[in-house]
Ligand SMILES: [Mn+2]
């Protein structure tokens, strides 16, 4: 049982006592004014009247000893006397002292010498007021105004190959625009490659427009918002000169950012956290698919709350959890794998060829489109392997999927160099894919088992040879100068 002792009780102390009286633990107020004690008791507050704050008196009237003490009269000198007496009477208690209504430097120093914490009531209140309704409240009002002033349609543009933070932030901003009757669309270019991110978009049925969609034309929009990035033409498909209306981002800007409304807070771990802030200040809860996405955005951007995480991110996540669909998130995090995909991964492991740290594997015929990408991901977990390429045949096309965790090696570039002339290849430095029609190799599928084996053997020879040769001949910048080539071989 915590015993709280409040010494002195002017208007500020009174506020405090009112909030403490219903909390668990024993509350005891001590005042030096008899009439005041009477009033407090009349209000149901256990109050003792003492002639003055003296250690001996306090020890006598407070039993068992107080565990926490708040000194809260309006006068600094009185507070110092009370704090000193309380400290002597209860040396082990946590002692918090108010400076009084007119704080003086003397009292501040004196109080600091006996109290564990000294609070400037003016400062404390001002901070609280600012935090709840101050500058940031202003920010969301400005955003509302910027949205209201849009005459026509708003395009909320994510960065290319958007991640969950960008996707969820875009949809959240669309929802905010909706509230002020500003029609808006979330749009992106590039690919949503990571299977978790695709699962998120599919499971929550997000409506996202793609720059390559036939019906999509950025010039149809009257205003542009950028989320999770801050400048047009940098990591998005906009022209560099395009005027921007709204920017919400958490990356430190490399150059000045120009827009009618700019919210750049590089001290938080995710743009989603900033969107949560708006919703909280407007006192509205967005629909479940959006809260779920925002939570996942924070989770991923902060590497499961371990990287560049700020108090705001934790608070935003805590706010979202009751409204998020945790079952969907569990599915997003570990998408169910079909038996067919497992079988493909099994074949990829069995058929692997490893040279140095580079692994290739031909899975033969496969059915599920995603299976070779999954296999490529999985095989990257093998010890000593830093680059994988898994491939197989489906509908007369060879599909290849490559991954690397070797920084200087660019698998996108490697696949393009190896296969662009006989098929399509592309992707990023760390994940890439290629499609090569069998016809291009002068090969066709056949029903006979013997022929099938021969076909697969031929495919394997051609693909492996081209891939390994391209890696061997890769440009100097893709070689780690500090490490000998044998690390990769
Ligand atoms: Mn982000």
Test of understanding: what is the full-extension gain from residue 470 to residue 421, defined as 0.36 nm times their sequence separation minus their Cα-Cα distance?
16.3 nm
For a protection proxy built on the mean count of beta-carbon atoms within 10 angstrom, sort 81-89, 148-156 highest first, please.
81-89, 148-156
The chain: angle of helix 135-148 to the longest principal axis, Cα-based, in degrees nearest 10:
50
Using a 10 Å cut-off around each Cβ, can you sort 401, 406 from fewest to most neighbouring Cβ atoms?
406, 401
Residue span residue 284 to residue 314: 0.36 nm per residue of separation minus Cα-Cα distance leaves a gain in nm of 8.9 nm
Between residue 396 and residue 429, with labels modelled 7 Å along Cα→Cβ, what's the label distance in nm to one decimal, could you check?
3.9
Calculate the length of the line joining the C-alpha centroid of the range 34-88 to that of the range 381-422, in whole Å.
75
Whole-number percent relative contact order across the chain, with pairs defined as alpha carbons under 8 Å at least 6 apart:
7
Residues residue 153 and residue 323, FRET efficiency given R0 of 25 Å [Cβ-Cβ distance, rounded to 0.05]:
0.35
Sort 159, 36 by Cβ crowding within 10 Å, fewest neighbours at the top.
36, 159
Over the range 225-283, relative contact order from alpha-carbon pairs under 8 Å, at least 6 apart, %:
29
Is the shape of the chain rounded, prolate or oblate, going by the alpha carbon gyration tensor and its root eigenvalues a ≥ b ≥ c, with a/c under 1.5 for rounded and a/b larger than b/c for prolate?
prolate
Quick check: the angle from helix 271-282's long axis to the longest principal axis of the chain, C-alpha only, nearest 10 degrees?
40
Would you work out the relative contact order for the range 136-268, in percent, from Cα pairs under 8 angstrom that are 6 or more residues apart?
25
Sequence ranges 465-473, 222-230, 363-371, ranked by mean other-Cβ count within 10 angstrom, highest first
222-230, 363-371, 465-473
Once a ≥ b ≥ c are taken as the square roots of the eigenvalues of the Cα gyration tensor of the range 137-332, is the result rounded (a/c under 1.5), prolate (a/b larger than b/c) or oblate (a/b not larger than b/c)?
rounded
Please report the antiparallel percentage of the DSSP beta bridges confined to the chain, to the nearest 5.
35
Let me know the shape class of the range 234-305, please: from the alpha-carbon gyration tensor, a ≥ b ≥ c as square roots of the eigenvalues, rounded when a/c is under 1.5, otherwise prolate if a/b is greater than b/c, or oblate.
prolate
Relative to the longest principal axis of the chain, what angle (0 to 90°, nearest 10) does the C-alpha long axis of helix 76-89 take?
80
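FYI, it's all coordinate maths here, none of it is from the lab. Computed from a prediction, not measured in an experiment: that's the story for all the values here. Backbone-built Cβ (ideal geometry, glycine too); neighbour counts: all protein chains shown.
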